[in-house]
Structures are given as C-alpha cells and as structure tokens.
Amino acid sequence: MSVANRLLPPLISGTLFGAGLTVSGMTNPERVRGFLDVFGRWDPTLVFVMGGAVIVMAIAWRIQRRMKVPVFGKKFSLPDRSDLDGKLIAGSVLFGVGWGIAGLCPGPAVASLALAPTTVLPFVIAMIVGMAAHALIPEAKLRPSKRAAR
C-alpha cells in the first residue's frame, strides 16, 4: 500500500471529524461549559450531537459485525471489558475534569487551531506536554511500589 493510500483515509476522516465538531459547536468552550452546567443555565444542544454520534456508531457496529476485515486495515482492533482498569477510570475522570474546566477536549482543541489558534494554543501545548510526559515516564514509576503500599 502506498503512502498516499495509507494517509488518505485518516486525512479524510480527520477533516470530516473536525468539520463536524466545528458545525456542531463542540469547538466553542462556552457551549460545552453550558452543556456541563446542569444545575445552572444548561444548554442541551450537545445532546443532539451526542445522539447523532450514537446513531452513527450503532450503524457502524452493525456493519462491522458483517465484515471479516476492515476496509483500510488488516484486522479489527476492538476494545473488550478487560480494558477497564484503574488507570482508564482515573484517566477518564481527569479528562472529564479538564473538559469541564477548559471547555475543550483534544479533538475540538485541534479543530479550533484552524479557527482561533491564539485562544486554544495554550491548551494544545499543555496537552502535548502531558502526552509527552506520559510517553517519557516509565510505567513502573507511575505505579505505587509494593513497599509503599505496606
């Protein structure tokens, strides 16, 4: 498979995803914060975005079950229940808190770079630093030692 054939599907998918985030308002931190403010001035518009995503994924899962191999890959890489562990739960909580504070998550932040780079750049830089720190810190240092647990 040529480089162009390998890069074209993710480029088209990423562009479509970014456009969807922009059109839906997910790149607007105020709209996201309004959605998360369930005890204040709640903005329900993102419920429709999530509902649309659920419908699309329900269709995609049904199609995937009928396929032997993916269109642009050699095999499917699907999550299972064993993926649910303490690190995933802690990361999800951290993600949610950051999303609530900043009103952005990685997808909308990257999409926002095209619209308002100066306002979203600090978030994207912090996100890249966090990902780099995670990649550079050995996993053994992230787990508490058995001695410390005693």
*Does any residue of segment 140-149 turn out to be surrounded by 10 or more Cβ atoms within 10 Å (Cβ to Cβ) and modelled with pLDDT of 85 or more?*
no
*Show the residue pairs that are 6+ apart or on different chains and have beta-carbon atoms under 6 Å apart, the first residue being within segment 93-116 and under 14 Å from Val23 (Cα atoms) and β-branched (Val, Ile, Thr), the second being part of a helix (DSSP H, G or I) and modelled with pLDDT of 85 or more.*
none
*Is there a residue being within 22 Å of Pro117 (Cβ to Cβ), of a type in the set (Phe, Trp, Tyr) and surrounded by 10 or more Cβ atoms within 10 Å (Cβ to Cβ) anywhere in segment 5-17?*
yes
*Among the residues of segment 42-56, write down those that are surrounded by 11 or more Cβ atoms within 10 Å (Cβ to Cβ) and assigned to a loop (DSSP other than H, G, I, E, B).*
Trp42, Asp43
*Answer yes if at least one residue in segment 114-123 is part of a loop (DSSP other than H, G, I, E, B), over 30 Å from Ser2 (Cβ atoms) and either out of contact with any Cys (no Cβ under 6 Å at 6 or more places or on another chain) or acidic (Asp, Glu) (or both), and no otherwise.*
yes
_Checking Leu36 against (1) closer than 19 Å to Val124 by Cβ; (2) in contact (Cβ under 8 Å) with a residue 24 or more places away in the chain, the condition it does not meet_ = (1)
*Give the residues of segment 18-41 that are assigned to a loop (DSSP other than H, G, I, E, B), hydrophobic (A, V, I, L, M, F, W, C) and surrounded by 12 or more Cβ atoms within 10 Å (Cβ to Cβ), sorted by residue number.*
Met26
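Looking at Lys87, Lys68, can you tell me which residue is farther than 30 Å from Gly40 by Cβ and either at pLDDT 85 or above or in contact with a Ser or Thr (Cβ under 9 Å, 6 or more places away or on another chain) (or both)? So that I can check it myself, show each step before the final result.
Numbers: Lys87 fails: either at pLDDT 85 or above or in contact with a Ser or Thr (Cβ under 9 Å, 6 or more places away or on another chain) (or both).
Of Lys87, Lys68, the one residue that is farther than 30 Å from Gly40 by Cβ and either at pLDDT 85 or above or in contact with a Ser or Thr (Cβ under 9 Å, 6 or more places away or on another chain) (or both) is Lys68.
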*Would you tally the residues in segment 1-57 being touching a Leu at 6+ places or on another chain (Cβ under 9 Å) and either among the hydroxyl-bearing types (Ser, Thr, Tyr) or under 30 Å from Gly73 (Cβ atoms) (or both)?*
5
*If you take the residues of segment 57-84 that are in a helix (DSSP H, G or I) and of a type in the set (Val, Ile, Thr), which of them is nearest to Phe35 (Cα to Cα)?*
Ile59
*asked:* Report every pair of residues separated by at least 6 positions or lying on different chains whose Cβ atoms are under 8 Å apart, first residue within segment 1-21 and at positive phi and at pLDDT 85 or above, second surrounded by fewer than 10 Cβ atoms within 10 Å (Cβ to Cβ) and of a type in the set (Val, Ile, Thr).
replied: none
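The values are calculated or read from the model by the stated rules, or taken from the named source; none is laboratory data. What you see is a predicted model, and the numbers here were worked out from it, not measured in a lab. So basically every Cβ, Gly included, is an ideal-geometry build from the backbone, and we count neighbours across all protein chains shown.
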